[in-house]
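In what follows, a single structure is set out as structure tokens and then discussed.
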Amino acid sequence: MAEGKRNPEEDGSEHVPQWAMAIDLDRCTGCEACVVACSAENNVPTAGQEQAAMGRAKHWIRIDRYYEGEFPNIKVKYRPVLCQHCDNAPCEPVCPVYATYQNAEGLNVQIYNRCIGTRYCANNCPYTVRFFDWFAPEWDGPLDLQLNPDVSIRPAGVVEKCTFCAHRIKRAKLDADAEDRDLADGDVQPACVQSCPAEAMVFGDMSDSHSKVSKKIESGRSEQLLSELGTKPRVYYLRKAD
Amino acid sequence: MLVILLMLVALPVAEAQQPLGFSHSAHIGKARMQCTDCHVGATSRDQAGIPSIRKCMLCHQFIAKDHPEVVRLAEYWERKHEVPWARVYGFKKEAAVQFRHAPHARAEIACAQCHGEVSTMTVAVKTVRHTMGTCIGCHRENKASDDCLACHF
Amino acid sequence: MDRRSFFKVVGTASGGAMTGACGKQAQEIIPLLVPEEEIVPGVEAWHPSVCQECGAGCGTIARLMASEREIEVEGELVRQRIASIKKLEGNPLDPVSGGRLCARGHAALQSLYNPDRLQGPMKRVGSRGEGRFEPVSWETAIGEVGDALAATVNSDPSKVLFLTQSRATLRTANIARFLNSLGAPAPSGIGVGDFAAETEASRRAYGWNGIPVYEIQDSTLLLSIGADFLSGWVSPVLYSRRYGHMRQGRRELRGRLIHAESRFSLTAWNADRWLPVWPGGELALALGIGHVLVTEKLAPALAEAPQELVSAYAETDLEAASSDSGIPVAAIQEVAADLASASAPLVLAGASMVRRNSADAVTAACALNLLLGNLGKAGGVIAPSVSGTRLESTRPSSAGWVERLAQAAVVFVDRVNPAYSSPSSRDALSGAGTVISFSSFLDDTSLFADWILPDHDPLEGTALSVPDASPVPAVTAAAAFAAPLYDSRPTETLLAALAGAAGKPFETLEVDASLVQLHAELDSGAGEADADSFVAESLRQGGWSGERLVHKSAQASQLGAFRPEGKQDPLVFQAYASLQFGEGSGANRPWLQELPDPASSAMWGIPVELDPGTAEKLGVRNGDIVQVESEYGSLQGPVYVNPAGIPGVVSMALGPGHENYGRYASGRGANPMKVVGDIRDRKTGASALGPTRVIVSRTKGTGRLIQFSREDRVAAPHRV
Amino acid sequence: MAPSGEPTELSASSISDDILSRMPRASGRYMAAIGFFGAVVAWALFAWGYQIQNGFGNTGLRRPVYWGFYIVNFVFWIGISHAGTLISAILRLTGAGWRKPVTRAAEAITVFCLMIGGLFPLIHIGRVWYFYWMIPYPNERLLWPNFRSPLFWDLTAILTYLTGSLIYLYLPLIPDLAEIAGRSSGKKQRIYRALSLGWTGSDRQWQALERAMKLMAMAILAIAVSVHSVVAYDFSMSIAPTWHSTIFAPYFVVGAIFSGIAALVLVMAALRKLMGLEEYLREEHFVNLGKLLMLMSLLWLYFTFSEHLTTWYGNLPYEMQVFNLREQGFFGIVFWTMVACNFAIPFVLLGVSRLRSIATISISGATVLIGMWLERFLIVVPTLSRPALPAAWGNYAPSWIELSITAGTFAAMALLYLLFVKAFPIIAIWEYDETIPAR
């Protein structure tokens, strides 16, 4: 029975997972594997030299790094920054057409085809993780053979950002449905989490207290980025333990 | 004025021009085939799929070889070409719709609900408008998700 | 992708290699020869593969789905449905990658689908270096190259020079067989990242064959000297996984990391303490630490250590070691004391940046583990994989290839780019006899080739390799699963054809046969399986891995004498293999070009890294163009003032400065090897990356530094 | 009689004659001006088309400065629009007699500025062809705009304001239109007759007009204040550093009136010179407006001071990043230029009575317009350049597209005004009539 699907009538209601991510900064090495994995998974176009110089490069996940101190007592502080999928997201209320909102599973959703490109959300995101599509994306053939059919290619004039690999969540749910079972912890792994060589990232359902991500969040080292702004991010960072 | 407006709304979408006069009614009605015999993915995969010419030729090597359309089919087969079927239903790229067949089949949505009574058609004709209104109406009726993310990602 | 679903898809979709369907058989819409089940639209299939971006040999899995491409067949544009690779991921069954993958590994896809790939064999029509080629047929190419080869082999087979990577793979084994049948000398492994110093040190210090494997996940204090093991050294994915475990994988136990390197590398980022060693001072530092451990009797295994070693450490002058390495005496003493007091100390030794004395430096550092009694114990250092030794023995060495190049009558160039990595070899290349390149790209070296006979992309061919470092004996193997995009040929097959044409036929060792051999070698390791099912199972899982390594202690060590080296005066220049471009081959992948450089956040170009003091003296800021000049050559590039730069040390990553390497890399920046010059490790002959004395001057130019994040400092009250 | 400003020596009918005779003819000079401004506007339209066709990336906008010149211009033009209606309404409601030659010029400014300013949200968005998604209309998808978004409030407020302003401009035009109709013939007469909505000048009509004007004046005041408050909310509702300020709404309203008066002064000076309205637009009008301008300058200074003082004293790191950027380097120069333009220059020119003249008041108007544009620039760009996480900091420079469109809007303003003064009397004739006791 443990393998089988929960009966919604027995436990009252369908369980709605609450997706969250924990990033252990003590494990993270800053190797940027996640950055490339994300671009590959999500059809994030490269801007090219000219546009990159204009500040139009897109990285749904990036490594922010800051040097502290002076040589030789110098340290570098760094962390991967992606859409924090805030429970209290500043980007959401400002969109005039509801192109961005938080869904029942706690994902901060960006609906590309609804977006009219006011870029208000991008301004209001304190993490600056939203990217505008300045041009229609192009790939020099045959690089386009790599494009992931599970992820829509964003047209010019809309805002895009990390989705927590919503298409993978969808896929995992459909697979589970097809096999008539519940989603198990670890069934859903966003591309960044999956690639992370130091295994610094964990993704899962934070409403399930037994999930790996819940345990990380409750490890005592967890904190949220810019928590003082009250955005209530779904991405938890575990402090370096030094 | 109103008449023109109504005509514009009611104007059927231009029919896809098919390279061969394939008759759905002959296959489903007369030959008693199932939709999934050819569109094998319709109930189990993301995409229903258009059968390869190999599948056509499995039968038509033997059956109705003299039918003019089958003769034309055999010409493609001789040249080792697939039949360049034209798409009848589909979403525009900018709609960013990620449609999956399998969950709809699991929810026991009949093929005809979205594709019309294809069994009575010859060449498939678009009879159901696939607009967001169509989708969301059905979703709400069946208490399926009306989260935008259910389809757009 | 978890294990269960991995088995599920691999079980249904793998096994058969896809054949046919190259350009010529393309049909309108769908080529009939592709089995229908392989490319059902919207259905994914995962196939095991081997990453060949570096020698780590990570097992990967490739996600195959249907795609369409337009190609021209007999002047007609047709659509062709093909199975294309959508994504690469680590193979969860692989002991090296463990289902993880680094940035370069992901970007291997952009080599496969690179728009600048060569689509068929070509013959040079212009002069060497001019880059004018015309397409030829494979038959012509094989015939003519075979004739040239036959002439040389019949007169003086020693004039055949084969340049390839220094890796333990089935490919190098086949190259060895090819050369063997010709009676020609063994292939030369060239380029950065062949880890010759590590291999040599392993032999000298431990008596082992191959690069040692460090059990850092179980150590409590890790001292790494010279090895940037988190971003490119030997097996970055494996060591990153182990690093993560060392930090947070154990209950109540967090390992510490002290890192000594002449650059604030990614490993230095992560270190609790960074020892900024003067370039070339790694040997002095290792000897200094050894000196303290020995003279202050701190070393726990002093008694067991070889006398030769103990006296070498004892004779070291600590003051001199300190001044040569640039590390204060007090710091050396502290580190030694830390090592002595830690419950599981480990010294990880390497030469991410090869120096003139790297073999000595790595040996002296490796030998610290002898003092600590670290061999063959948990959290210590273990011998490399015992299986696959047959392949391991084919690892090409790097000695003497430059000298031979000038005299060579036939030169084969396989997956290396000497014109880039050793710019001084250009003259020899243009003077050499027949030069045959197997490159998929018109790169710096192919420009000098008479024939370019493009190989399959690594993702299109078969592969079998022994990982440079693996926790357990392992080989990674892959059958071909993606139809080749172009009219390329696998080099192994081509070599057999060429040898045949030259009248010296040999039989290529295939992956299957090689696995059968492995099965035969493993008397118990393979279990009950027969050879056929062993091969099938290995190909389905992406390779074979055995039980945990038997911990092995040192065999007879032959340390030899260490030759410390005085500190060169500033400014000195060093090149390094970067996280994104490796030894430079990653430069034609747009993802990697747009990947912010970890230190400088630079995209689409690599800056010259200066320390703040030097920058201030020169009056330059980020983006200003400087000229860097050594006795070997000069370059101009934009400055990045690295807040953690060692005063007087100028650093620059490899990757920029390809004269010809496709649209994304050509003519972008300057090649740091031009300034480094042709300097080598004295013991191994491996290309060194510095230090080279330079003069840096300011030019009038500015503004060529493109950064993703320009801000690298934060105001004090700010929390980030 | 108080210095109410009307040329008392002229009779009503001669005032009508005089004003109407000053409406420009289609002379060569007039047509050249129309052609010039028309060309600039056409160029700007081309630039906009280019941006739509070839991608938004042709602008200078970039991450993280997602809003740039377009939003600056939007706020600037919506600000100026307050010239108008607001000033004329205040003056009308307070019964300031000197308003009479000023009101229509002011009301026209409002309408044109709103038309121009209202275009900027369209120019600014990435997919202008879906602009209508912001409008609540029933649809089969059951999708609605987001009523919580300040941009939606903007749309509502601006459309309301534009409608109100048009009515407010139109109502007092009615008697004048009838007057023109009475003096012309043929097609022209028919047009003006139709436009005058059957105005006969009966007492009932006068009373109705008076009542409507009073009502509209009160309504427009409220709307005007709300419009610029909503524009301020675009910023202050966000959590971007220094935007999230409680005084932004009044600050913006004050700034809007300030720039509105400045624009009015400039427009009046131009009309006076070009149309020879020296007898109507006399020095006292300018002096009165100058005094208002001075008052607003002080108010502006007070708000600016309060805003900056609290930011600086509060010393919140995210805000200080923006503050420091704004007071130093390039933005520092812009900042002090703004202070000079908005305060120092006008204060000297207007405050020292010896210096006060039509010329100096006009100069003050010009500097205030420049200063207020810079103020909006300093509000929009530095904040966006310094988001909370320093790794995302960036900068911004406009491309030829933004510059062209910006230039085009100024040309559009001139063009619309030129066309307006050709078609309608720029001074409300009947307001003079009304004051003639004989009537």
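The values are calculated or read from the model by the stated rules, or taken from the named source; none is laboratory data. Not measured: the values here are computed from a predicted model. Backbone-built Cβ (ideal geometry, glycine too); neighbour counts: all protein chains shown.
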Requested in this report: Mind checking which helices (runs of 4 or more DSSP H) fall wholly inside the range D:121-206 and carry at least 1 residues that are crowded, with 18+ Cβ neighbours inside 10 Å and touching a Lys or Arg at 6+ places or on another chain (Cβ under 8 Å)?
Outcome: D:150-170, D:173-183
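Is it true that C:Pro48 is at pLDDT 80 or above, more than 14 Å from chain B (Cβ to nearest Cβ), crowded, with 20+ Cβ neighbours inside 10 Å and assigned to a strand (DSSP E or B)?
Numbers: at pLDDT 80 or above: yes; more than 14 Å from chain B (Cβ to nearest Cβ): yes; crowded, with 20+ Cβ neighbours inside 10 Å: yes; assigned to a strand (DSSP E or B): yes.
Answer is yes for this residue.
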Report summary line: Flagged in the range D:71-105 as touching a His at 6+ places or on another chain (Cβ under 7 Å) and surrounded by fewer than 23 Cβ atoms within 10 Å (Cβ to Cβ), in numbering order, are D:Trp98
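Within the range C:618-629, does at least one residue satisfy the condition of being outside any loop (DSSP other than H, G, I, E, B), within 14 Å of another protein chain (Cβ to nearest Cβ) and either touching a helix residue (DSSP H, G or I) at 6+ places or on another chain (Cβ under 9 Å) or under 29 Å from C:Tyr664 (Cβ atoms) (or both)? Steps first, answer last, please.
Initial filter on the range C:618-629 (outside any loop (DSSP other than H, G, I, E, B)): C:618, C:624-629.
Next, from what is left, pick out any that are within 14 Å of another protein chain (Cβ to nearest Cβ): none.
Within the range C:618-629 (the criterion being outside any loop (DSSP other than H, G, I, E, B), within 14 Å of another protein chain (Cβ to nearest Cβ) and either touching a helix residue (DSSP H, G or I) at 6+ places or on another chain (Cβ under 9 Å) or under 29 Å from C:Tyr664 (Cβ atoms) (or both)), the answer is no, since none of the residues qualifies.
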Query raised in the report: Taking into account only those residues within the range C:216-249 that are in contact with a Gly (Cβ under 6 Å, 6 or more places away or on another chain) and surrounded by fewer than 24 Cβ atoms within 10 Å (Cβ to Cβ), which is nearest to the other protein chains (Cβ to nearest Cβ)?
Result: C:Thr220
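One line per residue, one yes/no per condition, for (1) farther than 30 Å from D:Asn315 by Cβ; (2) surrounded by fewer than 19 Cβ atoms within 10 Å (Cβ to Cβ); (3) β-branched (Val, Ile, Thr):
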| position | (1), (2), (3) |
| --- | --- |
| C:Gly619 | yes, yes, no |
| C:Glu629 | yes, yes, no |
| C:Leu635 | yes, no, no |
| C:Val641 | no, no, yes |
| C:Ala653 | yes, no, no |
| C:Gly662 | yes, no, no |
| C:Val675 | yes, no, yes |
| C:Lys700 | yes, yes, no |
| C:Gly703 | yes, yes, no |
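Yes or no, residue by residue, for (1) in contact (Cβ under 8 Å) with a residue 40 or more places away in the chain; (2) farther than 19 Å from C:Val362 by Cα:
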| residue | (1), (2) |
| --- | --- |
| C:Leu222 | yes, no |
| C:Ile225 | yes, no |
| C:Tyr243 | no, yes |
| C:Leu257 | no, no |
| C:Thr316 | yes, no |
Requested in this report: Name, by its number, the condition in (1) touching a helix residue (DSSP H, G or I) at 6+ places or on another chain (Cβ under 7 Å); (2) facing another protein chain (nearest Cβ under 8 Å) that does not hold for A:Ala241.
Outcome: (1)
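Results for (1) surrounded by fewer than 23 Cβ atoms within 10 Å (Cβ to Cβ); (2) in contact (Cβ under 8 Å) with a residue 60 or more places away in the chain, shown as yes or no for each residue.
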| residue | (1), (2) |
| --- | --- |
| C:Phe412 | no, yes |
| C:Gly431 | yes, no |
| C:Thr434 | yes, yes |
| C:Pro458 | yes, yes |
| C:Ser465 | no, yes |
| C:Arg489 | yes, yes |
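So which residues in the range D:364-395 are touching a residue at least 12 places away in the same chain (Cβ under 8 Å), within 11 Å of chain A (Cβ to nearest Cβ) and either assigned to a loop (DSSP other than H, G, I, E, B) or not hydroxyl-bearing (Ser, Thr, Tyr) (or both)?
Across the range D:364-395, the qualifying residues are D:Val380, D:Leu384, D:Arg386, D:Pro387, D:Ala388, D:Pro390, D:Ala392, D:Trp393, D:Gly394, D:Asn395.
Okay, residues lined up against (1) in a helix (DSSP H, G or I); (2) touching a Leu at 6+ places or on another chain (Cβ under 6 Å); (3) crowded, with 17+ Cβ neighbours inside 10 Å:
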residue: D:Ala208; (1), (2), (3): yes, no, no
residue: D:Ile220; (1), (2), (3): yes, no, yes
residue: D:Ala224; (1), (2), (3): yes, yes, yes
residue: D:Thr242; (1), (2), (3): no, no, yes
residue: D:Phe286; (1), (2), (3): yes, no, yes
**Report entry** Hits in the range D:332-360 - residues which are of a type in the set (S, T, N, Q) and either touching a residue at least 12 places away in the same chain (Cβ under 8 Å) or surrounded by 14 or more Cβ atoms within 10 Å (Cβ to Cβ) (or both)
**Finding:** D:Thr337, D:Asn342, D:Ser357, D:Thr360
Query raised in the report: From the list C:Glu537, C:Glu521, which residue is of a type outside the set (Gly, Ala, Ser), without any contact (Cβ under 8 Å) to a residue 60 or more places away in the chain and over 15 Å from C:Ala463 (Cβ atoms)?
Result: C:Glu537
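A quick yes/no check of all residues on (1) within 11 Å of chain D (Cβ to nearest Cβ); (2) of a type in the set (D, E, K, R); (3) surrounded by fewer than 23 Cβ atoms within 10 Å (Cβ to Cβ); (4) at positive phi:
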{"residue": "A:Asp64", "(1), (2), (3), (4)": "yes, yes, no, no"}
{"residue": "A:Asn88", "(1), (2), (3), (4)": "yes, no, yes, no"}
{"residue": "A:Tyr101", "(1), (2), (3), (4)": "yes, no, yes, no"}
{"residue": "A:Trp139", "(1), (2), (3), (4)": "no, no, yes, no"}
{"residue": "A:Leu143", "(1), (2), (3), (4)": "no, no, yes, no"}
{"residue": "A:Leu147", "(1), (2), (3), (4)": "no, no, yes, no"}
{"residue": "A:Cys162", "(1), (2), (3), (4)": "no, no, no, no"}
Query raised in the report: For the range C:585-617, how many residues meet the condition of being assigned to a helix (DSSP H, G or I) and more than 30 Å from C:Leu109 (Cα to Cα)?
Result: 6
**Report entry** Test result for B:Ala102, outside any loop (DSSP other than H, G, I, E, B), modelled with pLDDT of 85 or more, surrounded by 19 or more Cβ atoms within 10 Å (Cβ to Cβ) and within 12 Å of another protein chain (Cβ to nearest Cβ)
**Finding:** yes
Requested in this report: Enumerate the helices (runs of 4 or more DSSP H) found wholly within the range C:183-282, keeping only those where 2 or more residues are farther than 24 Å from C:Ile679 by Cα.
Outcome: C:236-248, C:266-270
Query raised in the report: Any chance the range C:558-576 includes a residue that's among the aromatic types (Phe, Trp, Tyr), outside the structural domain of C:Val675 (by TED's automatic domain parsing) and part of a loop (DSSP other than H, G, I, E, B)?
Result: yes
Requested in this report: With respect to C:Leu93, determine if the residue is part of a loop (DSSP other than H, G, I, E, B), away from chain A (no Cβ under 14 Å) and farther than 23 Å from C:Pro454 by Cβ.
Outcome: yes
Query raised in the report: Out of (1) over 19 Å from D:Ala391 (Cα atoms); (2) surrounded by 23 or more Cβ atoms within 10 Å (Cβ to Cβ); (3) among the aliphatic types (A, V, I, L, M), what's the single condition that is false for A:Leu82?
Result: (1)
Requested in this report: Could you list all residues from the range A:16-59 that are within 19 Å of A:Glu199 (Cα to Cα), within 14 Å of chain D (Cβ to nearest Cβ) and within 13 Å of the chain's Cα centre (by Cα)?
Outcome: A:Val35
Requested in this report: Evaluate the range C:635-643: report whether one residue or more is within 14 Å of chain A (Cβ to nearest Cβ) and assigned to a loop (DSSP other than H, G, I, E, B).
Outcome: yes
Query - Among the candidates D:Phe147, D:Phe252, residue that is under 24 Å from the mean Cα position of the chain (by Cα) and among the aromatic types (Phe, Trp, Tyr) - result: D:Phe252
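Against the definition (in contact (Cβ under 8 Å) with a residue 24 or more places away in the chain, surrounded by fewer than 22 Cβ atoms within 10 Å (Cβ to Cβ), in a helix (DSSP H, G or I) and of a type in the set (S, T, N, Q)), how does C:Asn180 come out, yes or no?
Numbers: in contact (Cβ under 8 Å) with a residue 24 or more places away in the chain: yes; surrounded by fewer than 22 Cβ atoms within 10 Å (Cβ to Cβ): yes; in a helix (DSSP H, G or I): yes; of a type in the set (S, T, N, Q): yes.
Yes: the conditions hold for C:Asn180.
For (1) modelled with pLDDT of 95 or more; (2) over 28 Å from C:Thr434 (Cα atoms); (3) not in a loop (DSSP other than H, G, I, E, B), each residue gets a yes or a no:
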position: C:Leu101; (1), (2), (3): yes, yes, no
position: C:Glu130; (1), (2), (3): no, no, no
position: C:Arg167; (1), (2), (3): no, no, no
position: C:Thr172; (1), (2), (3): no, no, yes
